[in-house]
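Input: a single structure, listed below in structure tokens.
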Amino acid sequence: MQVKGKGSGRSSELLGAVFLMATSAVGPGFLTQTALFTHSLRADFAFAILASVLIDVAAQLNVWLVLGAARRRGQELASALVPGLGPVLAALVAAGGLVFNVGNLAGCALGLEIFGVAPLAGAALSGLVAVALLARPGAGRAMDVFVQALGLLMIGLTAAVMLASGPDYGQAALRAVLPQRLDPLPVVTLVGGTVGGYITFAGVHRLLAAGCGGPGDAPGLRRAAVTGIVVTGVMRVLLFLAVLGVVSQPGAALDLANPAASAFRLGAGEWGYRFFGLVLWSAAITSVVGCSYTSLSFLSGPGGVVERRPVAALALFVGLALLGYALLGQPVPLLVAAGALNGLILPITLGVALVAARRPELMGAYRHPLALQALGWLAWGVSVAAGGLALGALRKLFG
């Protein structure tokens, strides 16, 4: 789906890609996971955040640099390596993205419900916002501005709640490097939620659609990939500290049915709860935009239906997710299955990038750093572990 904006500069496109990736990663599940893990691990969760950010940087750098330098989207690079692998990867990413959009629209509905909007109406209105944004001429530039504005809004509101809750910053910093409890599950969960599935490709596919890429763009791609992870990490740290301040107060306990919302309310009162509504809607709607754009970019190609009828394809993709929400509400089994699918996709996508990095016929004049490849294979090992946990979750869920 071509959404190249007119008259936008290279720096603007790079910043837009950064926020598209970051806001795609910061969805309703992101808020819930961070609140739950902070509730259970307290300050020790800082170690999981730090470890996940380092692994995310390794995975994201490899994928963005290799795809960007080769000027090939994920499915195109996969097909160049193994004939037939590209369509399989595209189908997996699009199917996972569709199911995730059900959860994203549910998050939109919950966010607007705080302000008195009926859930189904809130989901439908949010779906229309996403379609209208991506279907307009020059959608690339509009999407860049939209995700940047809401991304900054989320950071600002969460920072305000963090300051109000008064966490122990020193304890959090200490436990980031010297945890008392080590639990691998939060690390692999955060990695899968930040660079799993479609999220890995959100920014780099945006840059390729805008005409960026090639060996000469490697420095810009490197900066953009790292900045995207840093923005996501900042949001996670702010949310972690906000929740930590709440759960550290005597007698405070989160409502585990909606831990992030209760943390905002306990930390900053009724205005904090309203802030949460804005944060949740912003996180959810930007994830709808990023998920829809990136999933359809995997299904697009010369002469394909997405290229010939992009608006219809977009409306169908969002409409199917809205129908899923209308029929099932927030279908927990489907959302768990989609999370498991993310865990299974990352080893394939990262593996494709790492193998392609050693193929001069694909990379041209670009030479991928050996140290980065080594870090990438380490991240790949973690992604395989995440995939194993995902399979276990699927077996438990579906018997």
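Descriptive notes on the structure:
- A simple spin-label model places pseudo-atoms 7 Å from Cα toward Cβ; at Arg367 and Val311 they are separated by 5.0 nm.
- Comparing Gly86, Gly228, Gly127 in a Gaussian network model of the chain where C-alpha atoms under 10 Å apart are linked, the largest mean-square fluctuation is found at Gly86.
- Shape of region 108-176, Cα gyration tensor, a/c cut at 1.5: oblate
- Label of the coordinate-derived value, volume of the Cα convex hull per residue in Å³, listed as (1) 132; (2) 167; (3) 226: (1)
- Heavy-atom accessible surface of the chain: percent carbon and sulfur, 1.4 Å: 69 percent
- Relative contact order of region 1-156, pairs being alpha-carbon contacts under 8 Å that are 6 or more residues apart, as %: 42 percent
- Relative contact order %, the chain, counting alpha carbon pairs below 8 Å whose residues are six or more apart: 36 percent
- Phe100 accessible area, assembled protein chains, probe 1.4 Å, Å²: 50 Å²
- Computed helical MRE - 222 nm, the chain, DSSP H runs ≥ 4 contributing -39500 (n - 2.57), nearest 500: -27500 deg cm²/dmol
- Taken per residue, the accessible surface of region 66-202 reaches 38 Å², heavy atoms only and a 1.4 Å probe.
- Distance from region 71-139 to region 193-209 (C-alpha centre basis), Å: 12 Å
- Heavy atoms of His39: accessible area, 1.4 Å probe, square angstrom to 10: 50 Å²
The values are calculated or read from the model by the stated rules, or taken from the named source; none is laboratory data. Note that the structure is predicted; figures quoted are calculated from it, not measured. FYI the Cβ positions are ideal-geometry reconstructions off the backbone, even for glycines, and counts take in every protein chain you see. Keep in mind that these areas ignore ligands, DNA and RNA; they rest on the heavy atoms of the full protein, side chains included. Shrake-Rupley method; radii C 1.70, N 1.55, O 1.52, S 1.80 Å.
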